[in-house]
Amino acid sequence: MCGITGYIGRNEAAEVILEGLHALEYRGYDSAGIAAFENGGISVLKSVGKVAALEEKLAAHGNFAGAHCGIGHTRWATHGAPSDINSHPHGNERIQIVHNGIIENYAPLRAMLIEKGYDFVSETDTEVAAKLIDLRYGESGDPLDALAAAMREIVGSYAIGVLFADYPDKLFAIKKDNPLIVGVGEGENFIASDIAAVLRHTKNYYQLGDLEMAVISASSVQIMDIDKRPLHPELQTATWSIEAAERGGYPHFMIKEINEEPSAVEKTLHPRIAGMLPDFSGEKLSDERLRSAKSVTFVACGTAMHAGLVGKAAIESLCRVPVKVEIASEFRYNNPILTPDDLVIIISQSGETADSLAALRLAKSLGAYTLGIVNVIGSTIAREADNVIYTWAGPEISVASTKAYTVQISLIYLLTIRMALLRGNISEAEARAYTETLYREMPEIIRKTIATEADIKAAALKFADYEDLFFIGRGVDYYLSMEGSLKLKEISYIHSEAYAAGELKHGTISLITEQMPVVALATDEALYEKMISNIREVKARGAKVLLVTREGAKDAAAEAECVLYIPPCDPFFAAIPLATVLQLFAYHVAAARGCDIDKPRNLAKSVTVE
Ligand code: G6P
């Protein structure tokens with residue numbers, strides 16, 4: 001969590017750093033800060049609140065005019081509440097640092113530093129790291145020795161940008177288990193948590209590896225290992241354009257990203273189809289793996305975990321292979337039983353989620369074959385998994401995940417078809433028909449769904465004033481209830497729960513009153529009648545019902561106050577348009593309530609703490 005950036009070059013450092021922090025706000029936005037060389041020393045400014053609050057403070061201070069080297073931070077609090085004092089940078093006159101991650105052994109380090117005479121002003125673990133580096137710098141007189149010593153002593157995860165007052169023309173960085181790139185420009189260089197923060201200036205970057213250090217001047221970048229041995233990583237080039245990372249005229253990134261779903265699905269599926277059959281040879285995903293897997297386990301967090309649930313339904317029904325879906329943060333506690341014949345699929349938009357990464361490492365250590373379904377190229381999960389299939393969704397900026405989910409489930413459907421074909425569950429003709437429907441029809445179905453936005457908005461307005469709400473469904477509709485409910489609560493702050501429709505009567509129906517509206521998902525024709533019974537049960541207790549179903553569903557309008565329809569489509573892929581309906585519903589409820597849609601309170605997009 002937290003976003004860090006740094007700049008050295010001919011431009012105004014504060015300007016470049018603020019721009020970078022805005023791009024990184026998806027990683028956290030409860031407070032922000034900046035440090036830069038000014039008047040022969042390091043000046044620091046911090047502010048609780050979003051980057052805009054720091055921007056105002058900085059303007060009042062003259063924007064650090066003339067400073068050409070500095071570091072910045074946007075925070076998602078772990079140790080210590082959001083406050084000016086707890087904001088980064090931390091340090092003293094000799095050194096200032098910005099940090100993303102967690103120093104797990106901060107308590108003994110703090111005690112040791114207090115014994116050595118250090119004072120602490122904040123409650124953060126970062127201040128401990130800053131003062132540890134300062135202590136070791138005081139002893140060795142060499143910044144790299146100090147950073148290497150700190151890396152040896154710190155237990156935990158970190159990406160840290162450092163300024164040493166004695167080196168006003170240099171930026172330093174170290175990293176372990178948290179992402180950090182070094183952006184390479186002409187006569188200027190950068191550090192950042194991800195490339196989106198520096199895309200305006202350069203697309204070229206180095207990925208810093210674990211326990212590596214970087215020394216950066218305006219004209220050079222040196223990367224070395226913890227023993228100061230030079231390393232020569234490959235220079236990478238980002239494929240994302242700045243426009244792709246910006247709003248493009250939409251009021252929020254979330255609605256822009258929903259509108260990108262049809263093209264994102266096309267882009268993701270296209271390179272994996274040959275002769276209208278799924279083809280993962282580009283990924284070198286061996287057919288044998290898919291053919292012989294004894295089980296599949298999806299591991300992920302949040303929305304990505306909900307994509308795994310749709311995957312479970314698809315694979316179990318088409319391939320008849322047992323599938324488990326594990327919440328990544330719980331995975332290790334379940335003492336997983338895995339062998340080399342088991343396939344573990346880690347789904348992650350960012351590729352950096354700490355819980356998912358820990359689960360991946362555990363699965364690998366148990367000998368399972370690990371496959372990442374990841375959006376961010378070169379991210380840690382993508383690099384560490386035995387194999388990776390990228391979702392080509394482009395940058396997803398809004399904290400609430402939309403297009404990444406749609407693309408994840410589309411890709412999992414394609415993988416399912418391949419697996420079913422290889423295992424002889426379906427014929428080649430059937431595989432071709434499924435693939436054709438998925439690839440040729442589903443993007444258009446999403447477009448048609450988005451075209452019903454006015455109806456979805458009208459329904460949203462009828463439910464926006466409630467403080468509690470239930471989503472119910474059966475089968476895949478239940479899994480989509482979970483995702484619809486998560487989407488709604490994360491951006492509108494309405495208390496919402498997803499329930500298996502048939503389970504409601506076993507206790508929870510006691511909560512249903514006229515103050516508890518229900519969104520009932522009933523897109524599966526085979527389960528429709530049963531869902532109608534459940535709708536009648538909640539209506540009889542006073543609940544107002546929004547029914548989401550297929551066009552032509554029997555007596556839909558008579559059964560619920562409000563009805564939304566997904567366009568006619570193959571029922572096997574109905575989760576795709578249904579997801580779009582639920583995303584648009586959540587969006588319009590949140591908009592009606594005046595919420596900060598792209599940056600909901602307490603959340604962050606990339607959660608790099610466990
Ligand atoms: C955070 C985000 C969610 C996301 C989850 C997993 O909690 O707010 O939207 O689903 O992390 O993120 P990942 O990057 O691993 O998909």
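The values are calculated or read from the model by the stated rules, or taken from the named source; none is laboratory data. A quick note: this is a predicted structure, and the numbers were derived from the prediction, not measured. Virtual Cβ from ideal backbone geometry, glycine too; neighbours counted across all protein chains shown. To get the accessible areas, we keep the full protein, side chains included, count just its heavy atoms, and leave off ligands, DNA and RNA. Shrake-Rupley method; radii C 1.70, N 1.55, O 1.52, S 1.80 Å.
The 3J(HN,Hα) values that the Karplus relation (6.51, -1.76, 1.60; θ = phi - 60°) gives for the stretch 151-162 are, in residue order, 4, 6, 8, 7, 9, x, 10, 6, 10, 10, x, 10 Hz. Gly and Pro appear as x. Shape descriptor for the stretch 5-107: Rg over Rh equals 0.95 (Cα atoms; Rh from the Kirkwood inverse mean 1/r). The H on the amide N of GLY351, modeled in the peptide plane, is under 5 Å from the matching H of ASN375, VAL376, each at least 5 residues off or on a different chain. For the set GLU115, GLU384, GLU529, the ranking by accessible area, highest first and with no ligand, DNA or RNA atoms included, is GLU115, GLU529, GLU384 under a 1.4 Å probe. When CYS301, CYS2 are compared by accessible surface with a 1.4 Å probe, the order from highest to lowest is CYS301, CYS2.
Over the stretch 473-605, the ratio between the Cα radius of gyration and 2.2 N^0.38 Å evaluates to 1.03.
Distant-in-sequence amide contacts of GLY156, defined by a placed amide H-H separation under 5 Å and a gap of 5 or more residues or a different chain, comprise GLU104. Backbone amide hydrogens, once placed in the peptide plane, bring LEU546 within less than 5 Å of VAL518, VAL519, ALA520, excluding anything fewer than 5 places away on its chain. Coupling constants for the stretch 493-509 follow from the phi torsions by the Karplus curve (6.51 cos²θ - 1.76 cosθ + 1.60, θ = phi - 60°), and in residue order they are 6, 6, 5, 9, 10, 9, 9, 5, 3, x, 8, 3, 5, 8, x, 5, 4 Hz; glycine and proline get x.
From helices alone, the chain scores -11000 deg cm²/dmol at 222 nm; the rule is -39500 (n - 2.57) for each run of n ≥ 4 DSSP H residues, then divide by the residue total. Taking only the Cα atoms of the stretch 257-386, the ratio Rg/Rh comes out at 0.95, with Rh defined as the Kirkwood radius.
Per the Debye formula on identical point scatterers at the alpha carbon atoms of the stretch 403-523, with no solvent, log10 I(q)/I(0) at q = 0.12, 0.16, 0.23 Å⁻¹ is -0.61, -0.92, -1.33. Segment THR508..MET112, full-extension length gain: 137.3 nm, with 0.36 nm per residue of separation and the alpha-carbon distance subtracted. Please compute the Cα-Cα pair-distance distribution of the stretch 342-476 with 10 Å bins starting at 0, giving whole percents from short to long. Each 10 Å bin holds this share of Cα pairs: 10, 28, 33, 23, 6, 0. Expressed as a whole percentage, what fraction of the accessible surface of the chain belongs to carbon and sulfur atoms when a 1.4 Å probe is rolled over the protein heavy atoms? On the chain, the fraction of accessible area on carbon and sulfur atoms equals 50 percent. Converting phi to 3J(HN,Hα) with the Karplus coefficients 6.51, -1.76 and 1.60 and the offset θ = phi - 60°, the stretch 71-86 yields 9, x, 8, 10, 10, 10, 4, 10, 9, x, 5, x, 7, 4, 5, 6 Hz in sequence order, with x at every glycine or proline. Using the 1.4 Å probe convention, the accessible area of the stretch 1-121 works out to 38 Å² per residue with neighbouring protein chains retained. Shape annotation for the stretch 79-161: C-alpha extents along the principal axes are 34, 25, 23 Å, from largest to smallest. Based on the Stokes-Einstein relation at 4 °C and a viscosity of 1.567 mPa s, and on the Kirkwood radius from alpha carbon pairs, the stretch 495-559 is assigned a translational diffusion coefficient of 107 µm²/s.
Protection proxy ranking of 502-508, 538-544, by the mean of other Cβ atoms within 10 Å over each peptide's residues and highest first, is 538-544, 502-508. Accessible area per residue for the stretch 124-168, computed on protein heavy atoms with a 1.4 Å probe, is 25 Å². Compactness of the stretch 1-63 is given as radius of gyration and Dmax, 11.2, 33 Å, from Cα positions.
Per residue, the average separation of C-alpha pairs within less than 8 Å and at least 6 apart gives the chain a relative contact order of 12 percent.
Placing +1 on the Cβ of every Lys and Arg and -1 on the Cβ of every Asp and Glu, with nothing else charged, gives the stretch 44-166 a dipole about its Cα centre of roughly 240 debye. Applying a threshold of 21 Å to the alpha-carbon distances of LYS256/LYS544; LYS324/LYS599; LYS50/LYS605; LYS256/LYS487 flags LYS256/LYS544; LYS324/LYS599 as lying beyond it. Listed peptides 86-96, 132-142, 205-215 appear in the order 86-96, 205-215, 132-142 once ranked by packing, highest mean of other Cβ atoms within 10 Å at the front. On a per residue basis, the stretch 300-386 carries 33 Å² of accessible surface, using protein heavy atoms and a 1.4 Å probe. With respect to the chain, whose longest principal axis is taken over its alpha-carbon atoms, helix 125-140 is tilted by about 30°.
Both the radius of gyration and Dmax for the chain are 25.4, 80 Å, in that order, over alpha-carbon atoms. Over the C-alpha trace of the stretch 166-218, radius of gyration and Dmax come out as 10.8, 30 angstrom. Of SER379, SER292, the order by accessible heavy-atom surface (1.4 Å probe, DNA, RNA and ligands excluded), from most exposed downward, is SER292, SER379.
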